[in-house]
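The values are calculated or read from the model by the stated rules, or taken from the named source; none is laboratory data. None of the values given here were measured: they were computed from a predicted structure. Cβ coordinates were reconstructed from backbone atoms using ideal geometry, including for glycine residues, and neighbour counts include every protein chain displayed.
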Amino acid sequence: MTEGPNPIALDIDSDKIAWLTLDQSDSRVNLLGSATMGFLDQRFSELESRIATGQPVAIVIRSGKPGTFIVGADVREFGEVSSAAEARARSHEGQRIFQRLSRLTVPTIAAIDGSCMGGGTELALACDWRIASDRSSTKIGLPEVKLGIIPAWGGCVRLPRLIGIQRALRMILRGDGSAASKAKRWGLADRVFPADGFEEHLRKFVVDIVLGQVERSPRAQSFRDRLLEGTGPGRTLLFNRARKEAVKTSGGHYPAPLEAIDVIEKSLDLSLDDALAVENEGLARMAETEASRNLVRLFLLGQAARRALPEDVLNDASETKRVAVLGAGIMGGGIAELVAAHDVPVVMKDIDQGSLDAGLHHASDLLRKAGDRGIFAAEEVGLKFALIHGSLEYDGFDDVDLVIEAVVERMPVKQQVLRECEEHLPAHAVFATNTSSLSVTELASASGRPAQVVGLHFFNPVHRMPLVEVVRADRSSDAALACAFRFVGDMGKTPVLVADRPGFLVNRLLGPYLNEAGYLLEQGAPVAEVDRVLTEFGMPMGPCRLLDEVGFDVAQHVAREMERAFGERMKPSAVVGLLTEDGRLGRKNGRGFYSYPKGRQAGVDREVGRLLAAKGSVSADDIRDRCLFLLVNEAVHALADEVVGTPGDVDLAMVMGTGFPPFRGGILQWADTIGAPRIRDRLLEFESAHGPRFAPAPGLKELADIDGSFTAA
Ligand SMILES: NC(=O)c1ccc[n+]([C@@H]2O[C@H](COP(=O)([O-])OP(=O)(O)OC[C@H]3O[C@@H](n4cnc5c(N)ncnc54)[C@H](O)[C@@H]3O)[C@@H](O)[C@H]2O)c1
């Protein structure tokens, strides 16, 4: 028997319709943890007995939380699963409860008004009908592969039977949520009703179902799809293609997508019970993989990072309803787009009409592309763009809650802008600078209210990079930081709280890593080889390609700042300077380590080898260890300097801010698989061969002496 207050209310109305309303009092969203699943089980058992006595005649499952349905299972509980047997038992229990739901003998309806993910979607799939609202937060998805597992409460089994193999594969392998309109087109939602008046539409619809007045439209399938999905050879083709694609996108490092494909293929023609058993075994296999443990840990670290401030302060942080962006450059335009995409009005100010126009154009382009990719409905693109107001003056600033400053990277300009801007702001507004290398504390010294000045360090390109470093300056108040935290979360990004130290966390760690790539080239390692070794390790791109993307001018500027702050160990190689002298800026001018004919990325530019004129060679092991062990070493230095609170913050920030391979769990989690003594010994070896930049950090030496763990520190 499940204990505690029941979060699922059961009401039977005068039409004999049962309304199951899920509303977990201790959480902002509904999660299907084991206690809630127990309550669901109880409710289903109660309903079975009642149905036997003639009522209810239909059952609706809905959420009591406006704008969100059920966001999934409770990942914290999954994080505690330590064996395949435990994973199997959990999956089995969920399958059993949803089978019970699917066997109720009256129509069951999932009323999806808001986000519906993972276990929430599997619950909806076990219902007879799925009704969605057209609210922009209504998204239906199965994101389990992102945690290294597969949907195993019936998702892999029921979804392809409902919407077809190809669409089910696409949903499960991508793990993204689908908007209501797409869910309807794909046959996942039976009806879409306006969010305004959703309840009335729903009620009427349910009554019609009971009266037998609703026809279910058959799934439309083209001749080609019937051939592919309904015949043996067609299916073999589909599954093999999916496998090839999954290996290509995952670099072979993530087993879950392949497992999901196997489970779907094996279970398609089996009875429901047998199919669920196949799914259950698939989950048990995945739960034991290192990739899954690492991905689940990163997910939980992301949640913990959001709680880096005192709970009461975070709870008090009010929603940001209007934003101002200063500077309409690469970052300003990107930030304005992000804010508008989340339906928040934003005024973007620049001092130059041409730059302002370019910034607005950039934002509009990004919105259009997001619409094309189905991130939101194409009709919404114009409405969202209308939320961005461009200006050369401070008009509209008297009404904003947050200003994000993204003007040129020069302290006197930023301080001047801050002073000017403050004259126009309401008393409560927070001023956040997007600086990547200047001191936020120094900037705040120009402010009349330094407690309200923080850093919000977005990464480029803003729409793609999930991390935002939230910088605490000496006098930043918790309340201002909490406002920034809430805003970052509302924008769908992950905030990590960092101290106001040079390079904050991510740029500081990248410093020695990128510099080392230059030293390797000087010693004769080919550009393609350096990049190959690190992409094979799992980095999304090699360091030379990354330098091309960042731009040599920006990279040199950051490198100089890092050297000024940290001295010898951040001294850059001469390579980037040499290439800059040759008129190369990286991708932005089509000339970097790589060539970019007609803007498209091609092979290594042959001229580069001639410019470097290096002789010699470096082994692949040395390339990998030199770059990555320097990253580990700098992470240990940064922790000693208290740039972030925990080793978990380092791992999270490196994955979210640089694309460090998530399946490896982060730089320090990976370092633990190598061991501190081995890393120290290699660093000492490199130090004697190549100089003091490899000197092991004091903390690393201590850890190596006791063979301690980087992540437990
Ligand atoms: N580009 C990146 O990769 C990146 C990444 C993270 C952070 N940042 C930081 O973001 C900030 C902006 O960088 P960017 O790359 O977008 O620069 P940018 O040069 O593309 O844009 C700067 C814009 O600010 C405008 N500007 C200058 N003075 C102004 C003023 N007084 N008021 C209003 N606008 C003014 C300029 O006209 C220009 O449009 C910098 O602090 C930079 O360090 C940049």
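Tabulated data for the structure shown
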read-out: Test: residue in the range 410-423 that is more than 21 Å from Cys483 (Cβ to Cβ) and either of a type in the set (Gly, Ala, Ser) or within 7 Å of the ligand (Cβ to nearest atom) (or both); value: yes
read-out: Phe397 vs. criteria modelled with pLDDT of 95 or more, within 14 Å of the ligand (Cβ to nearest atom) and surrounded by 13 or more Cβ atoms within 10 Å (Cβ to Cβ); value: yes
read-out: Failed criterion for Glu379 (all others in (1) more than 31 Å from the chain's Cα centre (by Cα); (2) charged (D, E, K, R); (3) more than 23 Å from Pro450 (Cα to Cα) hold); value: (1)
read-out: Matching entry among Ser102, Ser115 (being surrounded by 14 or more Cβ atoms within 10 Å (Cβ to Cβ) and touching a strand residue (DSSP E or B) at 6+ places or on another chain (Cβ under 7 Å)); value: Ser115
read-out: Any hit, the range 517-540, residues being assigned by TED's automatic domain parsing to the domain that holds Gly666 and farther than 27 Å from Arg664 by Cβ; value: yes
read-out: Qualifying residue in the range 242-249 (condition: touching a helix residue (DSSP H, G or I) at 6+ places or on another chain (Cβ under 8 Å) and buried (at least 16 other Cβ atoms within 10 Å of the Cβ)); value: yes
read-out: Residues satisfying the stated conditions in the range 424-439, i.e. part of a strand (DSSP E or B) and either charged (D, E, K, R) or within 10 Å of the ligand (Cβ to nearest atom) (or both); value: Thr433
read-out: Residue in the range 594-616 that is under 30 Å from Ala638 (Cα atoms), out of contact with any strand residue (DSSP E or B) (no Cβ under 7 Å at 6 or more places or on another chain) and not hydrophobic (A, V, I, L, M, F, W, C) present; value: no
read-out: Residue satisfying condition, being without any contact (Cβ under 8 Å) to a residue 60 or more places away in the chain and either in a loop (DSSP other than H, G, I, E, B) or under 25 Å from Tyr254 (Cα atoms) (or both), within set Leu169, Leu159; value: Leu159
read-out: Residue that is nearest to the ligand (Cβ to nearest atom) [pool: residues in the range 458-492 that are closer than 17 Å to Ala653 by Cα, buried (at least 19 other Cβ atoms within 10 Å of the Cβ) and of a type in the set (D, E, K, R)]; value: Glu469
read-out: The range 551-571 - residue that is in contact with a Leu (Cβ under 8 Å, 6 or more places away or on another chain) and of a type outside the set (Gly, Ala, Ser) and, of those, surrounded by the fewest Cβ atoms within 10 Å (Cβ to Cβ); value: Asp553
read-out: Failed criterion for Val407 (all others in (1) under 20 Å from Phe459 (Cβ atoms); (2) within 16 Å of the ligand (Cβ to nearest atom); (3) part of a helix (DSSP H, G or I) hold); value: (3)
read-out: Residue list for the range 425-453, filter: of a type in the set (A, V, I, L, M, F, W, C) and in contact with a Ser or Thr (Cβ under 8 Å, 6 or more places away or on another chain); value: Phe431, Val440, Leu443, Ala444, Ala451, Val453
read-out: Criterion: modelled with pLDDT of 95 or more, crowded, with 24+ Cβ neighbours inside 10 Å and under 25 Å from the mean Cα position of the chain (by Cα) - qualifying residue of Ala180, Ala152; value: Ala152
read-out: Flag for Val381 being crowded, with 18+ Cβ neighbours inside 10 Å, within 16 Å of the ligand (Cβ to nearest atom) and within 22 Å of Lys493 (Cα to Cα); value: no
read-out: Lone qualifier among Val430, Val462, Val468, Val417 - being touching a Pro at 6+ places or on another chain (Cβ under 9 Å), closer than 18 Å to Val325 by Cβ and not acidic (Asp, Glu); value: Val468
read-out: Scan of the range 591-628 for residues that are touching a residue at least 60 places away in the same chain (Cβ under 8 Å), of a type in the set (A, V, I, L, M, F, W, C) and assigned to a helix (DSSP H, G or I), ordered by number; value: Val608, Leu612, Ala620, Ile623, Cys627, Leu628
read-out: Qualifying helices (runs of 4 or more DSSP H) (wholly inside the range 465-582; at least 3 residues being under 21 Å from Gly455 (Cβ atoms)); value: 478-490, 506-522, 552-566
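Matching residues to (1) more than 13 Å from the ligand (Cβ to nearest atom); (2) in a strand (DSSP E or B); (3) crowded, with 19+ Cβ neighbours inside 10 Å:
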| site | (1), (2), (3) |
| --- | --- |
| Arg307 | yes, no, no |
| Thr320 | yes, no, yes |
| Val347 | no, yes, yes |
| Leu356 | no, no, yes |
| Gly359 | no, no, yes |
